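Step one of this worksheet: look at the structure below.
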There are 2 protein chains.
Amino acid sequence: MTAARRGRGRPSRAEAMEGPGARERILEAARAEFAERGYDKTSVRGIAKAAGVDPALVHHYFGTKDEVFAAAVELSFEPALIIPAILGESPEGVGDRLARYFLSVWENPVTRAPLLAIIRSALTHEAAAKVLRGFVLRRLLQRVADDLDVPDPELRAELAASHMIGIAILRYVVQVEPLASARTEDIVALVAPTLQRYLTED
Amino acid sequence: MTAARRGRGRPSRAEAMEGPGARERILEAARAEFAERGYDKTSVRGIAKAAGVDPALVHHYFGTKDEVFAAAVELSFEPALIIPAILGESPEGVGDRLARYFLSVWENPVTRAPLLAIIRSALTHEAAAKVLRGFVLRRLLQRVADDLDVPDPELRAELAASHMIGIAILRYVVQVEPLASARTEDIVALVAPTLQRYLTED
């Protein structure tokens with residue numbers, strides 16, 4: 001959808017005025033605004049202000065607030081698009097690689113903040129949940145499931161995802177001890193066999 | 001804390017006027033208000049109105065909004081207090097019993113709504129997260145961990161909890177398919193061995 005919008009017709013006057021980096025600036029501003037303020041309190045006007053552009057340009061590139069949110073989700077989940085590659089490598093050790101990769105993304109504050117914002121928004125706003133559902137379902141989990149050689153691959157991919165999301169919530173949001181302070185290695189050692197079983201064993 | 005408040009001194013004039021069922025009415029109203037409006041939009045005044053009592057009586061029994069929330073969390077988690085008993089029965093089949101019990105609580109809309117409200121509130125408000133953390137840590141997971149005969153029992157109890165919370169979020173909140181429509185039996189069959197391993201095996 002964003003590609004279609006970007007490609008339509010000749011550049012508008014506003015677009016020509018803002019220069020070629022404007023789309024990326026808007027997207028980064030959107031991600032930061034959604035991360036900081038949450039879905040509810042973020043507005044197209046606020047995103048435009050943070051990006052230093054006219055609100056009309058945000059609408060021009062992305063459409064509605066929901067569509068800007070969808071684009072920000074895709075940007076934030078880019079690291080997750082590596083996951084099919086992780087799975088595709090070889091069935092052996094896939095649980096270990098996946099647990100390790102997942103925790104590395106969450107341990108990094110730069111990638112953690114937007115993911116947290118998305119989870120928070122999806123839990124409190126149906127519009128945000130719909131975006132996450134569509135994206136997670138269409139783009140990520142389906143690709144993971146396509147690579148699996150087990151019965152019910154989609155269900156198993158979602159159970160693996162549910163475990164990782166639950167760990168992220170208890171460790172990084174609710175911060176329950178000892179999980180919040182546990183060493184990454186100790187978590188990987190316990191969780192890897194679970195993911196391995198969901199993704200590779202009958 | 002609530003017990004201490006309840007027990008202090010002789011009944012106030014307001015308390016005497018409202019009758020002996022007032023405390024329970026307030027607590028049920030608080031649970032409903034937090035479930036419906038979320039932590040942010042719930043007020044002591046609103047709870048008092050829903051319970052048909054004076055706001056001063058809410059303060060008298062529970063103290064601050066945070067303390068009312070803590071009492072509502074305890075009430076909502078009452079079903080969870082059965083879990084140590086489930087674990088204590090016998091190590092064999094504990095994963096199956098736990099997965100089954102957990103899903104039955106979430107399948108029931110009456111018990112699901114307040115749990116959802118708590119998770120949502122904890123994800124968006126540090127005050128609510130603190131209550132959940134304190135409660136989950138002090139009352140529930142510690143009791144579970146005390147019954148486990150494995151290394152790192154607290155961490156394992158939390159990993160089991162994280163998986164169930166993640167399933168609840170993807171199945172009942174984000175509603176990702178096929179997990180959202182999967183039969184309880186199919187989920188139990190896949191998840192029970194995971195819980196079994198966390199809670200009983202080295």
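The values are calculated or read from the model by the stated rules, or taken from the named source; none is laboratory data. This structure is a prediction, so every number in the text was calculated from the model and none was measured. Note that each Cβ is placed from the backbone with ideal geometry, even for glycine, and that neighbours are counted across all protein chains shown. All accessible areas refer to the heavy atoms of the entire protein, side chains included, with ligands and DNA or RNA removed. Shrake-Rupley method; radii C 1.70, N 1.55, O 1.52, S 1.80 Å.
Worth pointing out:
- Residue under evaluation residue A:141, criteria (1) at negative phi; (2) more than 16 Å from the chain's Cα centre (by Cα), criterion not met: (2)
- Any hit, the stretch B:137-153, residues being of a type in the set (Gly, Ala, Ser), away from every other protein chain (no Cβ under 11 Å) and open to solvent by less than 50 Å² (accessible area, probe 1.4 Å): no
- All conditions in (1) surrounded by 17 or more Cβ atoms within 10 Å (Cβ to Cβ); (2) in contact (Cβ under 8 Å) with a residue 12 or more places away in the chain; (3) under 29 Å from residue A:66 (Cβ atoms) hold for residue A:127, with the sole exception of (1).
- Matching residues in the stretch A:112-136 - criterion: being within 7 Å of another protein chain (Cβ to nearest Cβ) and of a type in the set (Ser, Thr, Tyr): A:124
- Residue check, residue A:100 more than 19 Å from residue A:34 (Cα to Cα) and at pLDDT 90 or above: yes
- Any chance residue B:134 is more than 24 Å from residue A:171 (Cβ to Cβ) and in a helix (DSSP H, G or I): no
- Helices (runs of 4 or more DSSP H) completely within the stretch A:13-116 that count 1 or more residues being within 30 Å of residue A:179 (Cβ to Cβ): A:22-41, A:65-76, A:83-89, A:94-107
- Within the stretch A:157-202, tally of residues that are in contact (Cβ under 8 Å) with a residue 24 or more places away in the chain, in contact with a helix residue (DSSP H, G or I) (Cβ under 8 Å, 6 or more places away or on another chain) and either assigned to a loop (DSSP other than H, G, I, E, B) or more than 10 Å from chain B (Cβ to nearest Cβ) (or both): 7
- One residue from A:117, A:157, A:189, A:122 being surrounded by 22 or more Cβ atoms within 10 Å (Cβ to Cβ) and farther than 26 Å from residue A:42 by Cα: A:157
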